[in-house]
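Below is one structure, written out as structure tokens; the observations come after it.
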Amino acid sequence: MKEEYLIQACTGKRVDVFKGQTITVIDVSGGQVADFFAESLDSAEEFLSTGVTMDCNESLRLKVGDFIYSNLYRPMFQIVEDEVGMHDLLHPCCRPEMYDFFYQNGKGHPNCHDTINRVLGESRAMICPVNLFMNSQIDEEGTIKVKPPLSKAGDKIVFRAEIDVRVGIAACSVAESPCNSGVCTSIQVIVDRE
């Protein structure tokens, strides 16, 4: 049985995924980032950690076969398919303070930090998701530049859950930079329950 969800631009969704099931995240129109965060269903104190993921994979990049790890160094997901191959592990969720810092427009701006907290029923002070499809380039001096995503319409990444999780996904709200190609669009999510 498959469950399909369409996450409209600048909104989010909670989806529970159980061990062995797959979750597919699709860039519907192309050029759109999806903030992907998760907690263990057993305890919200165990959650997706991009820092631990980089540590365990010994890489700033993700590839098919890699695991996404929790803060307790336990595999949460394995990447089983990836049509894009460019995702960001460095940036935290966008939030009002970020919009104020860069664009002076944080008040009332939709943002992934509040969206993911809302859909998960949490109040985390900081959320560092896997920014699916986000194209962050690092030069030899360590400077980070965010460029338009490489994802085309319909491109996807597929994860298999290694533990029971609640996933919070946001269709990123940044239209002020190349992050989402200058316009925010929707994300599709498919959970295969078989």
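The values are calculated or read from the model by the stated rules, or taken from the named source; none is laboratory data. What you are looking at is a predicted structure, and each value in this text was computed from that prediction instead of being measured. Neighbour counts are summed over all protein chains in view; Cβ atoms, including those assigned to glycine, are modelled from backbone coordinates with ideal geometry. In case anyone asks, the SASA skips ligands and DNA or RNA and just uses the protein heavy atoms, side chains included. Shrake-Rupley method; radii C 1.70, N 1.55, O 1.52, S 1.80 Å.
Which residues, counting only those in region 97-124, are small (Gly, Ala, Ser) and either under 21 Å from Ala175 (Cβ atoms) or open to solvent by less than 80 Å² (accessible area, probe 1.4 Å) (or both)? Correct list: Gly106, Gly108, Gly121. Taken as a whole, the condition of being in contact (Cβ under 8 Å) with a residue 60 or more places away in the chain, open to solvent by less than 40 Å² (accessible area, probe 1.4 Å) and over 15 Å from Asn131 (Cα atoms) applies to Gln78. Being surrounded by fewer than 23 Cβ atoms within 10 Å (Cβ to Cβ) and in contact (Cβ under 8 Å) with a residue 24 or more places away in the chain: is that true of His91 here? Judged against the criteria, His91 is a match. Among the residues of region 146-194 satisfying the criterion of being farther than 11 Å from Gly31 by Cα and among the acidic types (Asp, Glu), which is most open to solvent (accessible area, probe 1.4 Å)? Once the filter is applied, the top-ranked residue is Glu194.
Counting the residues of region 134-153 that are part of a strand (DSSP E or B) and either touching a Ser or Thr at 6+ places or on another chain (Cβ under 8 Å) or under 19 Å from Cys184 (Cα atoms) (or both) gives 7. Does region 43-66 include one or more residues that are under 17 Å from Gln21 (Cβ atoms), in contact (Cβ under 8 Å) with a residue 60 or more places away in the chain and open to solvent by 50 Å² or more (accessible area, probe 1.4 Å)? Checked region 43-66: no residue is under 17 Å from Gln21 (Cβ atoms), in contact (Cβ under 8 Å) with a residue 60 or more places away in the chain and open to solvent by 50 Å² or more (accessible area, probe 1.4 Å). Tallying residues that are within 22 Å of Lys152 (Cα to Cα) and surrounded by fewer than 20 Cβ atoms within 10 Å (Cβ to Cβ) within region 29-42 yields 2. The residue pairs whose first member lies in region 170-181 and is closer than 11 Å to Val146 by Cβ, whose second member is open to solvent by 40 Å² or more (accessible area, probe 1.4 Å) and of a type in the set (D, E, K, R), and whose beta carbons are closer than 7 Å, counting only pairs six or more residues apart or on different chains, are Pro178/Lys147. Within region 115-133, being among the hydroxyl-bearing types (Ser, Thr, Tyr) and either in a loop (DSSP other than H, G, I, E, B) or at pLDDT below 95 (or both) holds for one residue alone: Ser123.
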